[in-house]
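Since the structure comes first, as structure tokens, the remarks are kept for the end.
The values are calculated or read from the model by the stated rules, or taken from the named source; none is laboratory data. Because the structure is predicted, anything quoted here is derived from the model rather than measured. Please note: Cβ atoms are built from the backbone with ideal geometry, for glycine as well, and neighbour counts cover all protein chains shown.
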Amino acid sequence: MAAEKSPVCVFLPLGIAQGQKDAPSPMLRPCSAGSGSVVTLGELMMILELHRQGLTVTAIAQQVGLDRKTVRRYIARGLEPPAYGPRMPAPKSTDPFLPYLRERLAAYPGLTAVRLHRELRERGFAGSYTVVKRAVREIRPEPPKPFEVRFETPPGEQAQVDLARFEVRFLDEPGTTRIVWLFSLVLGHSRLIWARFVVHQDLQTVLRCHIAALGAIGGAPREILYDRMKTAVVGEDPDGLVVYNRSLLDLARHYGFHPRACRPYRAKTKGKVERPFRYIREDFFLGSAFRNLDDLNVQLRAWLDGVANARTHATTGRVVHEAFAEERPILRPLPLAPYRAVLKLERRVSHEGMVSVGGNLYSVPDTTRRRTLDVHVLADEVRLFEAGILVARHPPIEGRGGSRVDPAHRRPRVGGQKARGTDDPPVVPATGAAVARRSLDFYEAVARRLATGSERAR
């Protein structure tokens, strides 16, 4: 048997019952049955009108044919507004993915909605980014954003450079936390990002990153803005003028840009590079796995090409790659000659045929005879000289504690013995070393004589 539905009464204000034309529209509400009695609209209006006229509850009950409890209850309630129950929320497309979103945000609270939308699409989600952004906002409320003053620059005018500290656990070194540094150069107009992770932030590393970045973008801006990092800014002179690192100035002269330091405690002036650090950390770095430093940079390069520099920038409203295509011809052309600033050192060769430079070991050929060599450290190369002759050249090693052995420096060994190389003198018999041949009878006679001598000695 189907369940009985509660009756619905259509009731009108008193003006309707009295024939007023401009009365409000009718309302619907479920009527309470009370002790089993249900009143109609006319009965309800009669009860209220008779009560207004001063009739007693007993008299009203007799007139409408209801018991006194029912009459008293309707008088107490009067004309109630319609009662609507809470509406059940409609299902959302993100509902099946909410556990995944909560898990990811619990582990990595800084993940962006853009990245999470990308991850959900890989898991079969077909909804829009806006829906995911709304779900992320409900799980992780965003703090109010402060007001910022933006400093926009024309094409080819400025780039911003900085270093940021990251902690990473490589899969090749489980249980070991490594500190790496992210060098980032961002063009101020197009917002193009060039970045590389390194394990050291010394001067040579910073110079190598500059050379690689400017080579990758195919030119140099008019000026590069720096935070007051030690590798760029030495300090200030008595007049308050910024003193830059001499090697950085040499690099700037070679490429034709002007270094510029941020004002102290004014980090917002380099916001174009500070925001990408946060963007890289949240959209690329967090929640990802890397085998080693090389793998980290390979994945970073792919992310920059496929995501960061391929997106529509929120501030400029333009695709970064497209804006950079217009900015690139305005950059200052690269110099024809490579940058060759040289740091000259003198180092001893170890018993293993290695030379220590900057905390790392580099091999020298087995044919090296001198125990002390001249070392020329360039931004992108380490050169070893013996008596003014170049005997070895190596790409520099990032960080400290590494080693690099050129296989050509080690001659192969055969049967545990060093194989003869081209530099070894040929083996020839010494002068006068020829031996005359004798007959077997001669050796038998010598043997008998020796035997006879032995018997006499006894």
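Couple of notes before you dig in:
- Tally, over segment 85-105, of residues that are surrounded by 15 or more Cβ atoms within 10 Å (Cβ to Cβ) and either without any contact (Cβ under 8 Å) to a residue 40 or more places away in the chain or charged (D, E, K, R) (or both): 5
- Residue that is farthest from residue 111 (Cα to Cα) [pool: residues in segment 279-334 that are surrounded by 13 or more Cβ atoms within 10 Å (Cβ to Cβ), touching a Gly at 6+ places or on another chain (Cβ under 8 Å) and not hydrophobic (A, V, I, L, M, F, W, C)]: 332
- Of all residue pairs spaced 6 or more apart or on separate chains, those with beta-carbon atoms under 6 Å, a first member in segment 343-370 that is β-branched (Val, Ile, Thr) and a second member that is exposed (fewer than 12 other Cβ atoms within 10 Å of the Cβ) are 349/371; 367/423.
- Residue satisfying all of: in segment 111-126; exposed (fewer than 14 other Cβ atoms within 10 Å of the Cβ) and outside any helix (DSSP H, G or I); nearest to the chain's Cα centre (by Cα) among these: 123
- Of all residues in segment 257-266, one or more are at positive phi and modelled with pLDDT under 85.
- Those residues of segment 336-357 which are surrounded by 13 or more Cβ atoms within 10 Å (Cβ to Cβ) and not hydroxyl-bearing (Ser, Thr, Tyr), in sequence order: 338, 341, 343, 345, 347, 349, 353, 354, 355, 357
- Among (1) surrounded by 18 or more Cβ atoms within 10 Å (Cβ to Cβ); (2) touching a His at 6+ places or on another chain (Cβ under 9 Å); (3) part of a strand (DSSP E or B), the one test that residue 379 misses: (3)
- Residues satisfying the stated conditions in segment 317-365, i.e. in a loop (DSSP other than H, G, I, E, B) and hydrophobic (A, V, I, L, M, F, W, C): 331, 334, 336, 337, 341, 342, 364
- Answer residue from segment 385-414, given it is part of a strand (DSSP E or B) and β-branched (Val, Ile, Thr) and is modelled with the lowest pLDDT among those: 414
- Qualifying residue in segment 3-14 (condition: farther than 30 Å from residue 139 by Cβ, in a loop (DSSP other than H, G, I, E, B) and modelled with pLDDT of 50 or more): no
- Among residues of segment 163-179 that are assigned by TED's automatic domain parsing to the domain that holds residue 209 and in a strand (DSSP E or B), those with a beta-carbon under 9 Å from a residue that is loosely packed, with under 13 Cβ neighbours inside 10 Å and among the polar types (S, T, N, Q) at least six positions away or on a different chain give the pairs 167/177; 168/177.
Conditions (1) out of contact with any Asp or Glu (no Cβ under 8 Å at 6 or more places or on another chain); (2) modelled with pLDDT of 80 or more; (3) not assigned by TED's automatic domain parsing to the domain that holds residue 208, marked per residue:
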| position | (1), (2), (3) |
| --- | --- |
| 359 | yes, yes, yes |
| 372 | no, yes, yes |
| 375 | no, yes, yes |
| 382 | yes, yes, yes |
| 416 | yes, no, yes |
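- Candidates 86, 109, 99, 82: the one that is touching a Leu at 6+ places or on another chain (Cβ under 6 Å) and either at pLDDT 90 or above or not assigned by TED's automatic domain parsing to the domain that holds residue 48 (or both) is 82.
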